[in-house]
Structures are given as structure tokens and as C-alpha cells.
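This report concerns only the one structure given below.
The values are calculated or read from the model by the stated rules, or taken from the named source; none is laboratory data. From a predicted model like this one, the values you see are computed outputs, not experimental measurements. Note: ideal-geometry Cβ built from the backbone for every residue, glycine included; neighbour counts use all protein chains shown. Side chains included, ligands, DNA and RNA excluded: accessible areas come from the protein's heavy atoms. Shrake-Rupley method; radii C 1.70, N 1.55, O 1.52, S 1.80 Å.
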Amino acid sequence: MCSCRRLGGGLVHPGGSLGLSCAASRIIFGSNVMGWYRQATGKQRELVAHTTSGGNTNYADSVKGRFTISRDNVKNTVYLQMNDLKPEDTAVYYCKLMQFGMDYWGKGTLVTVSS
């Protein structure tokens, strides 16, 4: 889907912050959803947050109030700002584009929250 860049480093102390970004490889027309998923070791991949082309957002209960998803429709980029990180947030994070019944996944990036 995209070229994903980790912002702020992959190893963070509890309570710290980290930003992720993911840029689509093409110009996107029409309705679509961009989102972030994560997968911890030994666990299934789970939704973190979604944002629609219309600006609506949806968050997993575990990250509400701490994470913020946003998008730039001109740059075709989705962002995830993670604040007040907890050890439970440790996982490989993936960006995703959903449009016209197709899913496009970015390369995962490891986020580790530890002292």
C-alpha cells in the first residue's frame, strides 16, 4: 500500500509518545478507509483505529483517549499519534487501505514499550 515511516523511534518508555505515518503509493479517488492494526507476539491482529475519506474515525477501546488517527487526503497519508504508551501497546503495527472491496497492507513496524 505504502511507504511507512516510523516517527519518534520504535523503543519507547511507558508514558512516552510515538508517531507513525503511512503514505499510499497512488492517488486515491472515491470513498475509502485507512486504518492501523497491530499484532502482538502470539496474538491475532487487531484493529487500532480507522478513518474514512469523509473524516470519521473509530478507535479500539484500548487506545481511546491516547491514540489519534488522522489523514492528509492531498498527500494520501494516514498518521497514528500514540501518547501515554503502555507495555500492552507493544506490537507490530500495520497500516491499511480499504477501497472497492480490496485491502492493501503496509509493511509492519515494531513498536516496543518498555523501561
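Summary of computed values
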{"quantity": "The one condition in (1) in contact with a strand residue (DSSP E or B) (Cβ under 7 Å, 6 or more places away or on another chain); (2) on the phi > 0 side of the Ramachandran plot that residue 84 fails to fulfil", "calculated": "(1)"}
{"quantity": "Single residue of 31, 17, 25 found to be farther than 20 Å from residue 104 by Cα, over 11 Å from the mean Cα position of the chain (by Cα) and polar (S, T, N, Q)", "calculated": "17"}
{"quantity": "Only one of 53, 31, 17 that is open to solvent by 70 Å² or more (accessible area, probe 1.4 Å) and at pLDDT below 95", "calculated": "31"}
{"quantity": "The range 90-104, residues that are out of contact with any Leu (no Cβ under 8 Å at 6 or more places or on another chain), open to solvent by 50 Å² or more (accessible area, probe 1.4 Å) and not in a loop (DSSP other than H, G, I, E, B)", "calculated": "102"}
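This table checks each residue for (1) in a strand (DSSP E or B); (2) among the acidic types (Asp, Glu).
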position	(1), (2)
81	yes, no
85	no, no
88	no, yes
110	yes, no
115	no, no
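Condition check ((1) part of a strand (DSSP E or B); (2) modelled with pLDDT under 95; (3) polar (S, T, N, Q)) across all residues:
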{"position": "44", "(1), (2), (3)": "no, no, yes"}
{"position": "63", "(1), (2), (3)": "no, no, no"}
{"position": "68", "(1), (2), (3)": "yes, no, yes"}
{"position": "74", "(1), (2), (3)": "no, yes, no"}
